[in-house]
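The values are calculated or read from the model by the stated rules, or taken from the named source; none is laboratory data. Predicted, not measured: the structure shown is a model, and the values here were computed from it. A quick note on method: Cβ atoms are made from the backbone with ideal geometry, for glycine too, and the neighbour counts reach across all protein chains shown. Each accessible area value is taken on the protein alone, full model and side chains, heavy atoms only, with ligands, DNA and RNA left out. Shrake-Rupley method; radii C 1.70, N 1.55, O 1.52, S 1.80 Å.
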Amino acid sequence: GQQLNQSPQSMFIQEGEDVSMNCTSSSIFNTWLWYKQDPGEGPVLLIALYKAGELTSNGRLTAQFGITRKDSFLNISASIPSDVGIYFCAGQLSAGSYQLTFGKGTKLSVIP
Amino acid sequence: DVKVTQSSRYLVKRTGEKVFLECVQDMDHENMFWYRQDPGLGLRLIYFSYDVKMKEKGDIPEGYSVSREKKERFSLILESASTNQTSMYLCASSFEGRPWWTFGSGTRLTVV
């Protein structure tokens with residue numbers, strides 16, 4: 001089946017640093033999503049991307065949908081301790097598809 | 001605030017027991033999903049349902065069954081629990097045609 005390759009698998013950064021993570025695939029996706037999972041909780045949607053090349057921000061978070069529709073990145077600026085968690089990318093192959101394909105996640109640790 | 005509620009945060013069951021994991025959503029969503037989450041493997045789809053009494057197998061349905069008798073409730077059943085089913089189980093729901101999954105907080109199941 002389709003796979004999303006998410007990197008890096010984990011990151012340790014100092015508070016205040018910027019963070020970048022990305023997802024790539026051999027398949028073309030209609031929609032890309034970025035989720036964050038806090039420790040002990042379920043994933044929460046951060047950003048949804050619908051158009052190739054689209055750049056969207058949500059506070060300190062910025063995500064872009066690649067021109068080829070096969071990749072996406074998520075940037076976090078000026079990290080803070082509450083950014084700790086696992087970040088997942090997810091792709092929807094076609095509009096109305098019942099399934100999302102998830103990356104394996106990037107575990108972010110922020111050192112105060 | 002919209003919610004997906006999973007009945008238990010933590011469960012410990014014995015090998016061979018029949019286990020029921022319950023999920024309720026209050027958003028009138030058509031679609032509901034069960035995932036399991038394991039370290040290094042990300043989120044894997046077990047079953048999903050796009051309507052009452054309808055169900056579809058996901059990527060790893062073996063050893064599981066589901067029930068959806070009412071629109072708001074989706075149950076995951078482990079007919080005879082085994083130790084390799086020890087995992088975090090996440091329920092999610094979404095509107096028909098919309099790519100934004102809303103997740104519950106998860107049930108951490110330990111089978112001993």
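Here are the numbers for the structure shown:
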quantity	calculated
Cα-centre dipole for the protein assembly as shown with unit charges at Cβ (Lys and Arg positive, Asp and Glu negative), debye to 20	420
Paramagnetic label zone (point 7 Å from Cα along Cα-to-C-beta, B:E56; backbone N under 20 Å) in region A:81-106	A:90-103
Table column - 3J(HN,Hα) (Hz), region A:67-76, Karplus curve with 6.51, -1.76, 1.60, x for Gly and Pro	4, 7, 6, 10, 7, 7, 10, 10, 10, 10
Cα pair distances exceeding 29 angstrom across the protein assembly as shown, given as percent	27
Cut-off under 5 Å, modelled amide H: who pairs with A:I47 long-range	A:W34
Unit charges at the beta carbon, dipole of chain B: most positive-side option, B:L76, B:F20, B:T110	B:T110
Subset of A:K104/B:K53; A:K104/B:K55; A:K104/B:K71; A:K70/B:K3; B:K13/B:K55 violating a 28 Å alpha-carbon distance limit	A:K104/B:K53; A:K104/B:K71; A:K70/B:K3
Calculated FRET value between B:S105 and A:L93, using beta carbons and R₀ = 22 Å, to 0.05	0.20
Region B:1-84 - charge dipole about Cα centre, Lys and Arg +1 at Cβ, Asp and Glu -1, debye rounded to 20	260
For chain B, with +1 on Lys and Arg beta carbons and -1 on Asp and Glu, the positive-most of B:Y10, B:F95, B:Q37 along the dipole	B:Y10
Amide proton proximity set for B:S8, modelled H, under 5 Å, gap of 5+	B:E22
For region B:42-56, Karplus couplings with θ = phi - 60° (6.51, -1.76, 1.60), whole Hz, Gly/Pro x	x, 9, 10, 7, 8, 8, 9, 9, 10, 5, 4, 6, 9, 8, 9
Hull shadow area, averaged, chain A [alpha-carbon convex hull, nm²]	6.6
Accessible area buried at the B-A interface, both sides summed, 1.4 Å probe (Å², nearest 100)	1800
Estimated inter-spin distance, B:V12 and B:S67, nm [label 7 Å along Cα→Cβ]	2.7
Inter-part distance where region B:1-69 and region A:33-112 are each reduced to a Cα centre, Å	23
Integer Hz, Karplus 6.51/-1.76/1.60 couplings in order for region A:18-24, x for Gly and Pro	8, 10, 9, 9, 8, 9, 10
Of all accessible heavy-atom area on region A:37-112, the percent that carbon and sulfur account for (1.4 Å)	59
Interchain or long-range residues, amide H under 5 Å from B:V66's placed H	B:I77
Surface/4 estimate of mean projected area, convex hull on alpha-carbon atoms of chain B, nm²	6.6
